[in-house]
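Heads up: the structure comes next, in structure tokens.
The values are calculated or read from the model by the stated rules, or taken from the named source; none is laboratory data. Just so it is clear, the model here is predicted, and its values are computed rather than measured. So basically every Cβ, Gly included, is an ideal-geometry build from the backbone, and we count neighbours across all protein chains shown. Accessible surface is based on the protein model in full, side chains and every heavy atom, while ligands, DNA and RNA are left aside. Shrake-Rupley method; radii C 1.70, N 1.55, O 1.52, S 1.80 Å.
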Amino acid sequence: MSEEIRTGVYTCHCGSNIAATVDVKAVAEYAAKLPNVVVSRDYKYMCSDPGQDLIKQDIREHKLNRIVVASCSPHLHEHTFRTALAKGGLNEFFFQMVNIREQDSWVHADKPAATAKAIDLIRAAVCRVALQKPLTKGSIPIHPSVLVVGGGIAGIHAALTLANAGKKVYLVEREPTIGGHMAKFDKTFPTLDCAACILTPKMSSVRAHPNITLWSYSEVTQVDGYVGNFKVTVTRKPRYIMEDLCAGCLECIEACVYKDGKFVDDFNMGLSKRKPIYIPFPQAIPQVPVIDPETCIDFKTGKCKKSCVEACGERHAINLKMKETTEIIDVGTIILSTGFQVFDAHRSPEFGYGIYPNVYTALEIERLVNASGPTSGEVVLRDGKRPKSVAIIHCVGSRDEKTNRWCSRVCCMYSLKLAHLLKEHTDAEIFNFYIDIRTPGKGFEEFYQKLRNEGVHFIRGKVAEVTDWAFDPSEEGKLVIRVEDTLLGFARRIPVDMVVLATGLEPHADAQEVRRRFNLTCSSEGFFLERHPKLAPVSTFTDGVFLAGACQSPKDIPDTVAQAGAAAAEALALIDAGHVEIEPNTAFVLEEDCSGCRTCIPMCPFSAITFSEETKLASINQALCKGCGTCVASCPSGSIVQNLYDDEEIFAEIEGVLSNA
Amino acid sequence: MPEAVEPKILAIFCNWCTYLAADLAGTSRIKYPANIRVVRVMCSGRVDPQFVMDAFAKGADGVLIGGCHPGDCHYQEGNYKCLRRFELLRRMVREMGIEDERFRLEWISASEGERLRTVVTDMVEKIRPLGPRQTLTEVTQ
């Protein structure tokens, strides 16, 4: 290389995050003596404005043409420093970042060892950066349509925000109706707003919005492509009623040969029965019934008089021969708002769910207190009597070593809400059994105080067991809560009529499949992982795919809606930019060295490599190449080069790491 | 008896899973031995067998390759390609008199900071008693 290499090395203290474990001064002094290094500095916060200015200034004053910054993970600040290079007038790819925080000072306690490691890594980067080449970022156009997966409050809000901004939105929901869990709630905490009154108008807006295509009872089955240019396959399950012909009169349901509901109604948590032809709830969107082939006589025996078809009459909206269909759509960005599933209380048998009939989950109580629920808001036990005393057990399937270790965040508040509603509906004595009451939200603590003033009892202690084993006559016919009251310091037995389990939130059972379909990562609990908890909380490691709501972690409605708005804004930012810059780490073939052996061709998962029969050479389509480098490693003649991860750069890095070995 | 030395392990981690696991170990302040030096590549499929040979030739006491779990590769199947190469390469590395403990391929996902600690700690503990790695010349003599 004719040009003289002039490298600047910047070692960051990160306050004391790095400096406490790595001898930053010694590292900077060592780096100053490395070949090609013209400037070596250490600074408190390299990512700050003055830190970046140091780089820009040195590029000008010392004619630097290579920069190494030893600080945090490149996933955090690589972009920051590259931008500083560009502003300093240097190609942004003459840069190498050394991770001495996440992968050094934070994981090692031994200062000399951590310092030695930092020195090795910086030496490697100095060796590598000398060989790096100037590159230009690629640019790809963004398709202006958006796919939103999951029609709960998160998906609804994101879809409406985007549609109101004039973007075309496809909203795909797996259930026959949108609305998600929120549609099952009676009131929302802490304001006690009626859930239906704030949700159902939004649901109707989705239905009516000209920019939204709503596909309910449908699932995304395949995702191809990349940011800006996704090709998505949506499978639409047959609901046996044609959405475009149905008027939503629901006369077919009335006409069904089953005079009363006979099958478990999932929407009401099994507290009521439905017919084989049903609509999940009266305000469902779309206002179109669905036929369940598992329970419909005609599907089972073929011998039904089809009174539903008759009732539909001239409309001919019922089609019992309906088949599954697929739609293939092009979108530029995707918002995942697939929500959560409720912890299955059977997994904690000590609380007696499924054993004692009067043990309920919180979601069942939501339906019981709901005016449009199975009892029209009448809170009664399974035998029809009103409970005189109710126990609410917190943290069922949350903060529990045996089941889920995380806090589900919403249970304290919804337990307080249910306590209030149960008291209002039944005037029963209410006992809350809690580990800690967590009310860190706007108006939450005030709501807790209000509940205390209403005379609701709070007992601090993790419930040991719910039993029907009576020790004295006062406990006969009751459910007894055995608990250690940790404030009073002794074990108590509290007999009640009804037990409510505040079940936690967990990832959907098929979250792993969904994750793979969208090429995402999960956190250790199984919730979808955001790109960065603070800097990119709704982005993922797959560009163009954003997260909203409880699929990312348990959260309440205000947080979910806020996140959905943020995800919509991220999608809008991409769409309005019109294009996205991509890393120039693609591979290309050095034609003069290619022997035409075709080893590389089956290596590429994206079919980006083609072989020309004419020239007998391989070539790589830059638009299809994703930059994994698998072909590069396979080429026997070393004739494929990957930008940013060139062989000689990696060899230099390896040599640099080990040259002091 | 080989004398006790601090082995130096060259780690080659993929950008999307294992490198992120190493970052997560950091943000979770999980402690592990300071013997590894990480080189980042986009995919474990990028790991050229020559990188491994070169590392051993330049004096690495161990080489650790980290990729995404099967089925989880950010590029669909680069980790399978890596696995195939690893199996072949391991035989070659063995032929050169390098102990199996010194060359590992591990699947560590972005959420497995704890697993990263376990793997690194285990590898260091197994390599340490082997002492400094003998060069090919020393083995043949």
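Some observations on this one:
- Taking the criterion of being assigned to a helix (DSSP H, G or I) and open to solvent by less than 80 Å² (accessible area, probe 1.4 Å), the residues of region B:71-86 that qualify are B:Gly78, B:Asn79, B:Lys81, B:Cys82, B:Leu83, B:Arg85, B:Phe86.
- Within the set A:Asp110, A:Asp104, the sole residue that is acidic (Asp, Glu), out of contact with any Phe, Trp or Tyr (no Cβ under 9 Å at 6 or more places or on another chain) and open to solvent by less than 10 Å² (accessible area, probe 1.4 Å) turns out to be A:Asp104.
- With respect to the conditions (1) over 30 Å from A:Val331 (Cβ atoms); (2) free of Cβ contacts under 8 Å to residues at least 60 places away in the same chain; (3) of a type in the set (Gly, Ala, Ser), A:Ala566 falls short on a single one, namely (1).
- Here the condition is being over 26 Å from A:Asp400 (Cβ atoms) and surrounded by fewer than 15 Cβ atoms within 10 Å (Cβ to Cβ); of A:Gly489, A:Gly455, it holds for A:Gly455 alone.
- Residue, farthest from B:Ser44 (Cα to Cα), within region A:626-640, restricted to residues that are touching a strand residue (DSSP E or B) at 6+ places or on another chain (Cβ under 6 Å) and not small (Gly, Ala, Ser): A:Ile640
- Residue within region B:21-39 that is at the interface with chain A (Cβ under 7 Å from one of its Cβ atoms), β-branched (Val, Ile, Thr) and open to solvent by less than 10 Å² (accessible area, probe 1.4 Å) present: yes
- Some residue of region A:474-488 being within 17 Å of A:Pro190 (Cα to Cα), assigned to a helix (DSSP H, G or I) and of a type in the set (Ser, Thr, Tyr): no
- Residue in region A:516-535 that is touching a residue at least 24 places away in the same chain (Cβ under 8 Å), over 18 Å from B:Ser109 (Cβ atoms) and within 14 Å of another protein chain (Cβ to nearest Cβ) present: yes
- Test: residue in region A:276-299 that is under 30 Å from A:Val380 (Cβ atoms) and either of a type in the set (Gly, Ala, Ser) or in a helix (DSSP H, G or I) (or both): yes
- Positions within region B:45-70 being assigned to a loop (DSSP other than H, G, I, E, B), at the interface with chain A (Cβ under 7 Å from one of its Cβ atoms) and surrounded by fewer than 24 Cβ atoms within 10 Å (Cβ to Cβ), in sequence order: B:Asp48, B:Lys58, B:Gly59
- Failed item in (1) away from chain B (no Cβ under 12 Å); (2) under 28 Å from B:Ala21 (Cα atoms); (3) among the small types (Gly, Ala, Ser); (4) open to solvent by 30 Å² or more (accessible area, probe 1.4 Å), with A:Ala562 passing the rest: (2)
- A:Lys137 being of a type in the set (D, E, K, R), more than 14 Å from chain B (Cβ to nearest Cβ) and either surrounded by fewer than 23 Cβ atoms within 10 Å (Cβ to Cβ) or in contact with a Ser or Thr (Cβ under 9 Å, 6 or more places away or on another chain) (or both): yes
- There is at least one residue in region A:420-439 that is open to solvent by less than 10 Å² (accessible area, probe 1.4 Å), more than 20 Å from A:Tyr353 (Cβ to Cβ), in contact (Cβ under 8 Å) with a residue 24 or more places away in the chain and among the aliphatic types (A, V, I, L, M).
- Taking first residues from region B:88-105 that are farther than 16 Å from B:Arg128 by Cβ and open to solvent by 60 Å² or more (accessible area, probe 1.4 Å) and partners that are in a helix (DSSP H, G or I) and not aliphatic (A, V, I, L, M), the Cβ contacts under 8 Å between residues at least 6 apart in sequence or on separate chains come to B:Leu88/B:Pro49; B:Arg90/B:Asp100; B:Met92/B:Pro49; B:Arg94/B:Asp100.
- Residue match in region A:45-54 (condition: of a type in the set (A, V, I, L, M), outside any loop (DSSP other than H, G, I, E, B), more than 14 Å from every other protein chain (Cβ to nearest Cβ) and closer than 19 Å to A:Glu4 by Cβ): no
- Per the listing A:Gly151, A:Gly166, A:Gly89, A:Gly155, the residue uniquely open to solvent by less than 10 Å² (accessible area, probe 1.4 Å) and part of a loop (DSSP other than H, G, I, E, B) is A:Gly151.
- The single condition among (1) closer than 27 Å to B:Gln134 by Cβ; (2) modelled with pLDDT of 95 or more; (3) more than 12 Å from chain A (Cβ to nearest Cβ) that B:Trp107 does not satisfy is (1).
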